[in-house]
Amino acid sequence: MKGLLLRLSGLDADAENAVRVIGFFDRLITGRAGLDALVRSTAELAGCPVGVHAPGQGLSLRAAAGADVVTPGPAPAGAATRELEGGVVVWVARAGPPLPLDDMLLERFAIATAVLLEHSGVPRPELGDPALVELVLSEDVGTAERSRALHLLGVGPATRLRVLAGTGLDALAGRSALLGRVRAVLATGEGPGPLPDGSRAGIGPELPAIDVARSWAAARTALRFTSAAEPVVWWERLGGLAALDGQLGQADLAELADVRALDRLAGEPHGEDTLAALDALCATGSARKAAAVLHRHHSTMPARLARAEAVLGFDVDSPAGRFRLHLALMLRRLRDNDTGLS
């Protein structure tokens, strides 16, 4: 279909070809296409960028011919436009002179937009914040629905947001929703500030609000790497560890020799204290600093580390050993922290 209008106009802008353009839009209307599909399909038909601008509804959609996605964006200077009721504008931005069928295309694009806006699945104003947050974070909604939900939340599509995914976050103020067992919180700025005692949170990257579903996915990954010793994990700081999420199932992780060894340590008397010492060792890089973090005298560390080395089968107080230990600890967290959303 790409560039069909160009080919039809090159043949003849007669009634038969005009009917073909009308039929194209009629099929989209009767098929109850979404606004994303309308904009994307119209760009393919026209062979140039097109868009819909509905500021009162928080919508500003555009697509280029050959593009697989619809993105937010205003009409470029010089675009041909048609205004609808309520300040809605559709536009076609063709480089060079207009084609004979461009007026017909713009008219039918405007009609289809009016019909689909009336019957579209964009969120209703009466939806509460939790429902709107869930829509914003869903990977299954289109740009139109996400833009509208953001508008109703009072957030522009270019506003920088990051998402927190966590437990024990119910007391946090702001835009949030409980999704399964995990609460999602939309945050602006560098981060959420102090979290409630006993809570855990994975913090996703800061992205434009229209792309915040990706921050939500990253935040859920970060949540799986949290522990009592490290209740807050930032996705950006995971580096290559983030790629491990979803690569191995819980049963596979449980069968790893180093993870099994940590489980044996945890089952011993004072085992959780030993694991806390190992976590602190990885975090600080030295036994003395680890003891200070745990508020223990440094003389208590050698015995704990010696026992850990006996069970693990490698030296934990060397660079290579600490790397292997840290990986084992993170894999154990990944096994134990099934958020139910991954």
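The values are calculated or read from the model by the stated rules, or taken from the named source; none is laboratory data. Keep in mind the model is a prediction, meaning the values are calculated, not measured. Here Cβ is always computed from backbone atoms with ideal geometry, including for glycine, and neighbour counts include all displayed protein chains. All accessible areas refer to the heavy atoms of the entire protein, side chains included, with ligands and DNA or RNA removed. Shrake-Rupley method; radii C 1.70, N 1.55, O 1.52, S 1.80 Å.
Below is a table of values for the structure above.
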| quantity | calculated |
| --- | --- |
| Residue in segment 281-296 that is over 20 Å from L223 (Cα atoms), within 34 Å of the chain's Cα centre (by Cα) and modelled with pLDDT of 90 or more present | no |
| Residues of segment 143-158 that turn out to be within 27 Å of R224 (Cβ to Cβ) and open to solvent by 20 Å² or more (accessible area, probe 1.4 Å), as a count | 1 |
| Residue in segment 197-210 that is modelled with the lowest pLDDT, counting only those that are open to solvent by 40 Å² or more (accessible area, probe 1.4 Å) and either in contact with a strand residue (DSSP E or B) (Cβ under 9 Å, 6 or more places away or on another chain) or not acidic (D, E) (or both) | G198 |
| Selection status of R181, at pLDDT 90 or above and open to solvent by 40 Å² or more (accessible area, probe 1.4 Å) | no |
| Some residue of segment 248-262 being without any contact (Cβ under 8 Å) to a residue 40 or more places away in the chain and either closer than 12 Å to L137 by Cα or buried (at least 19 other Cβ atoms within 10 Å of the Cβ) (or both) | no |
| Odd one out for H295 among (1) of a type outside the set (A, V, I, L, M); (2) open to solvent by 60 Å² or more (accessible area, probe 1.4 Å); (3) under 27 Å from G249 (Cβ atoms) | (3) |
| Verdict on E44 being open to solvent by 70 Å² or more (accessible area, probe 1.4 Å) and either more than 13 Å from A144 (Cβ to Cβ) or not aliphatic (A, V, I, L, M) (or both) | no |
| Number of the exception - A310 against (1) buried (at least 17 other Cβ atoms within 10 Å of the Cβ); (2) assigned to a helix (DSSP H, G or I); (3) over 31 Å from the mean Cα position of the chain (by Cα); (4) of a type in the set (A, V, I, L, M) | (1) |
| Long-range neighbours under 9 Å by Cβ, at least six apart or interchain, first residue without any contact (Cβ under 8 Å) to a residue 40 or more places away in the chain within segment 193-213, second open to solvent by 60 Å² or more (accessible area, probe 1.4 Å) and part of a helix (DSSP H, G or I) | G202/W235 |
| Filter pass, V233 being buried (at least 17 other Cβ atoms within 10 Å of the Cβ) and either on the phi > 0 side of the Ramachandran plot or touching a Pro at 6+ places or on another chain (Cβ under 8 Å) (or both) | no |
| In segment 47-62, residue surrounded by the fewest Cβ atoms within 10 Å (Cβ to Cβ) [restricted to those that are under 24 Å from L152 (Cα atoms) and of a type outside the set (G, A, S)] | P55 |
| Options T339, T300: the member that is β-branched (V, I, T), loosely packed, with under 15 Cβ neighbours inside 10 Å and at pLDDT below 85 | T300 |
| Criterion: assigned to a loop (DSSP other than H, G, I, E, B) and touching a residue at least 24 places away in the same chain (Cβ under 8 Å) - qualifying residue of A222, A218, A229 | A229 |
| Long-range neighbours under 8 Å by Cβ, at least six apart or interchain, first residue of a type in the set (S, T, Y) within segment 1-30, second at pLDDT 60 or above and outside any helix (DSSP H, G or I) | S9/L99; S9/P100; S9/L101 |
| Answer from A110, A67, A131 - the residue that is assigned to a loop (DSSP other than H, G, I, E, B) and among the hydrophobic types (A, V, I, L, M, F, W, C) | A67 |
